[in-house]
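**Q** Attaching a single structure in structure tokens format; questions to follow.
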Amino acid sequence: MKILLLEPFFTGSHRQWAEGYQRHSRHEVEILSLPGRHWKWRMFGGAVTLAEQFLQLKYRPDLLLATDLLDLTAFLALTRSKSSGIPAAIYFHENQITYPWSPTDEDVKLDRNNQYGFINYTGALAADRVFFNSGFHRNAFLGALPGFLKQFPDHQGLENVERIARKSETLHLGMDLQRFLPFFEKRQDGPPVVLWNHRWEYDKNPQAFFEALLRLKAEGCDFRLVVLGEKFQKSPPVFTQIKNELAGNILHFGYAKDFETYARWIWQADILPVTSRQDFFGGSVVEAIFCDTYPILPRRLAYPEHLPAGLHEQHFYENEAEFYPMLKRAVLEYDRARPFAGRALMERYDWTSLAETYDLRLAF
């Protein structure tokens, strides 16, 4: 089977997912992509450019597999002379209907944010199959669609929600977790290492994370801090503040120069406190758990899917009032946290386990 994977934002987790499936699939997977920048423009213009490239290819796939950042309806319309009769699937890494936009975003101020959500809606409507990277994501998208459509004046198409639901399913994110294994290092003696390994963005709620660490320090709790993740132009100012106020606790602060550096720091971490307001899957969380970092997670979003029910009481908090006591206890009793064995729990997301599932689901 020949699969053409269409990715207009070829960077970060999107690129890792595409290349990972390409390497591990028994199918022939070709990738048609654009550089991963200007995501808003990619949602509008990426389909035009990729359509032009597709029409020039001497390659006819058996399946088109697009991601959520492609305007699939525009792509199919522009390529109908060649794509007609080829089934299309769409894979949702995220979506712009339930994504918590920053209130400072210019598109929110100008009420333009609905345009991006509408591209996701029509893409799901046009696709033959719709896949979501978590059960939470599928339920959130389908649950939000009626309210999203009701804001329009007429011909709202509410019956289309059920149409999309019937062809939708969960297909967890495939990841190359095995690549962490060569960089395993025994944890060093000393105070516990607290980890941040997410993007430096508003939706990850860094304010709550760092406020808790400042409180730990004020109460005399000893810990070290590793801050990883990608920084963007408009990263929250709390990162600059914390670099100064916790300077004496910091082992590393900033984007890792290469994967080996990233992996070695993950293996050194003891505790992963997560405060995110949004995570459709939580790849960075899965990576840290795979490397045996003790997770403290909110009982929301996709996180409850990652751990078995028997571990929920130990690792999940309901609200911020519960978060700090759990974090403090883990820091003070870090000898209890260090033996946490997460690798066996996360191996099901590795491509060696998931590639066959992808191959079967996409052969429709």
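Bear in mind these aren't lab numbers, they're just calculated from the coordinates by the rules spelled out. All of these numbers come straight from a predicted model, not from anything done at the bench. Quick reminder, even Gly has a Cβ in these numbers, built from the backbone with ideal geometry, and neighbours come from all protein chains shown.
**Q** Just the Cα atoms of the range 1-77: what Rg and Dmax do they give in Å?
**A** Values for the range 1-77 (Cα only, Rg and Dmax): 11.8, 33 Å.
**Q** Quick one: helix 113-126 against the long Cα principal axis of the chain, what's the angle to the nearest 10°, folded into 0 to 90?
**A** It works out to around 60 degrees.
**Q** If I fit a long axis through the Cα atoms of helix 12-24 and take the longest principal axis of the Cα atoms of the chain, what angle between them do I get, 0 to 90°, rounded to 10?
**A** 70 degrees
**Q** Under a cut-off of 19 Å between alpha-carbon atoms, report the aspartates and glutamates in cross-link reach of Lys167, not counting same-chain residues fewer than 8 places apart.
**A** Hits, sequence-local ones excluded: Asp62, Asp68, Asp71, Glu94, Asp128, Glu159, Asp359.
**Q** Using a basic spin-label model with each label point 7 Å from the Cα along Cα→Cβ, how many nm lie between Asp335 and Glu169?
**A** Those two pseudo-labels are separated by 4.9 nm.
**Q** With +1 on each Lys and Arg Cβ and -1 on each Asp and Glu Cβ, how big is the dipole of the range 2-171 about its Cα centre, in debye rounded to the nearest 20?
**A** Values: 19 positive and 18 negative charges, 82 e Å.
Rounded to the nearest 20 debye, it is 400 debye.
**Q** What is the gain in length, in nm to one decimal, between Glu52 and Met1 on full extension, counting 0.36 nm per residue of separation less the C-alpha to C-alpha distance? Write out the running numbers ahead of the final one.
**A** Working: separation 51, 0.36 × 51 = 18.36 nm, distance 2.32 nm.
Net length gain for the segment: 16.0 nm.
**Q** What percentages make up the Cα-Cα pair-distance distribution of the range 2-171 when the bins are 5 Å wide from 0?
**A** Reading the bins upward from 0: 1, 8, 17, 22, 21, 16, 9, 4, 1, 0.
**Q** Let me ask something additional. Order the peptides 247-259, 302-314 from the highest to the lowest mean number of other Cβ atoms within 10 Å of their residues.
**A** Details: 247-259: 13.0, 302-314: 14.8.
In decreasing order of mean packing, 247-259, 302-314 become 302-314, 247-259.
**Q** Right, here's the next one. Using 0.36 nm per residue, how much length does the chain from Lys82 to His38 gain when fully extended, once their Cα-Cα distance is taken away? Let's see the in-between values first.
**A** Working: separation 44, 0.36 × 44 = 15.84 nm, distance 2.80 nm.
This chain segment gains 13.0 nm when fully extended.
**Q** Would you mind computing, in nm to one decimal, how far apart the modelled labels at Asp203 and Ile250 are, each placed 7 Å from Cα along Cα→Cβ?
**A** Distance between label points: 2.6 nm.
**Q** Moving on to the next point. For the range 260-274, take each phi angle, set θ = phi - 60°, evaluate the Karplus expression 6.51 cos²θ - 1.76 cosθ + 1.60, and give the result in whole Hz per residue in order, putting x for glycine and proline.
**A** Once θ is set to phi - 60°, the couplings for the range 260-274 become 4, 4, 4, 5, 5, 5, 4, 5, 7, 6, 9, 10, 10, x, 10 Hz.
**Q** Near the amide H of Leu34, under 5 Å away, which other amide H atoms are found, from residues 5 or more places off or on another chain, if H is placed in the peptide plane?
**A** Residues meeting the criterion, in which the H sits 1.01 Å from N, are Glu7, Phe9, Phe10.
**Q** Evaluate the relative contact order of the chain (contact order divided by residue number), counting alpha-carbon pairs under 8 angstrom at least 6 apart; express in whole percent. If you can, show how the numbers build up before the last one.
**A** Working: 608 pairs, mean separation 56.9, N = 364.
RCO, the chain: 16 percent.
**Q** For the range 345-356, take each phi angle, set θ = phi - 60°, evaluate the Karplus expression 6.51 cos²θ - 1.76 cosθ + 1.60, and give the result in whole Hz per residue in order, putting x for glycine and proline.
**A** With coefficients 6.51, -1.76 and 1.60, one gets 6, 9, 4, 5, 8, 6, 4, 4, 9, 9, 4, 5 Hz.
**Q** Could you state the angle between the C-alpha long axis of helix 39-56 and the longest principal axis of the C-alpha atoms of the chain, as a value from 0 to 90 degrees rounded to the nearest 10?
**A** 50 degrees
**Q** Shifting gears a bit: Would you work out the charge dipole size for the chain about its Cα centre, treating the Cβ of every Lys and Arg as +1 and the Cβ of every Asp and Glu as -1, and quote it to the nearest 20 debye?
**A** Values: 42 positive and 45 negative charges, 98 e Å.
Result for the chain is approximately 480 debye, rounded to the nearest 20.
**Q** Measuring from a point 7 Å past the Cα of Leu311 along Cα-to-C-beta, which residues in the range 340-356 have an amide N at less than 18 Å?
**A** Residues passing the 18 Å test: 340-351, 353-354.
**Q** Taking the Cβ of Glu313 as the center, what net charge do the other residues with Cβ under 12 Å away carry, scoring Lys and Arg +1 and Asp and Glu -1?
**A** Working: positive: Arg299; negative: Glu318, Glu322.
Net local charge, Glu313 excluded: -1.
**Q** Let me ask you something else. What whole-number value in cubic angstrom gives the convex hull volume per residue for the C-alpha atoms of the range 255-364?
**A** On the way: hull volume 15.1 nm³, N = 110.
Hull volume normalised by residue count: 137 Å³.
**Q** If one computes P(r) from the Cα atoms of the chain, what percent of pairs lie at distances over 29 Å?
**A** Details: 28927 of 66066 pairs.
Value for the chain: 44 percent of Cα pairs lie more than 29 Å apart.
**Q** Moving on to the next point. Can you give the extra length, in nm with one decimal, that the chain gains between Leu158 and Glu320 once fully stretched, where that is 0.36 nm per residue apart less the Cα-Cα distance? It would help to have the intermediate numbers written out before the result.
**A** Numbers: separation 162, 0.36 × 162 = 58.32 nm, distance 3.62 nm.
Value of the extension gain: 54.7 nm.
**Q** As an exercise, use a Förster radius of 22 Å and the Cβ-Cβ distance of Ala144 and Gln115 to find the FRET efficiency, rounded to the nearest 0.05.
**A** Numbers: r = 16 Å, r/R0 = 0.72.
Rounded to the nearest 0.05, the efficiency is 0.90.
**Q** Could you sort 33-41, 120-128 so that the peptide with the highest average Cβ count within 10 Å comes first and the rest follow in order? Numbers along the way, then the final one.
**A** Working: 33-41: 14.9, 120-128: 21.2.
In decreasing order of mean packing, 33-41, 120-128 become 120-128, 33-41.
**Q** Hey, rough spin-label estimate for Lys231 and Lys257, points 7 angstrom out along Cα→Cβ, what's it come to in nanometres?
**A** Taking the simple label geometry, Lys231 and Lys257 are separated by 1.6 nm.
**Q** A follow-up question, please. So what's the back-of-envelope 222 nm ellipticity for the chain, counting only DSSP H runs of four-plus at -39500 (n - 2.57) apiece and dividing by all residues, rounded to 500? Let's see the in-between values first.
**A** Details: 17 runs with 160 residues, N = 364.
Helices in the chain give a 222 nm mean residue ellipticity of -12500 deg cm²/dmol.
**Q** Using +1 at the C-beta of Lys and Arg and -1 at the C-beta of Asp and Glu, which of Asn120, Asn205, Leu297 has the Cα lying farthest in the positive direction of the dipole of the chain?
**A** Towards the positive end, the residue furthest out is Asn120.
**Q** Next question, about the same structure. Using Cα pairs closer than 8 Å and at least 6 residues apart in sequence, work out the relative contact order for the range 2-171, in percent.
**A** Details: 264 pairs, mean separation 32.9, N = 170.
Relative contact order for the range 2-171 comes out at 19 percent.
**Q** Kirkwood hydrodynamic radius, computed over distinct alpha-carbon pairs, for the range 177-348: how many Å, to one decimal? Kindly include the intermediate steps, with their values, before the conclusion.
**A** Working: mean 1/r = 0.0623 Å⁻¹.
Here the Kirkwood hydrodynamic radius works out to 16.1 Å.
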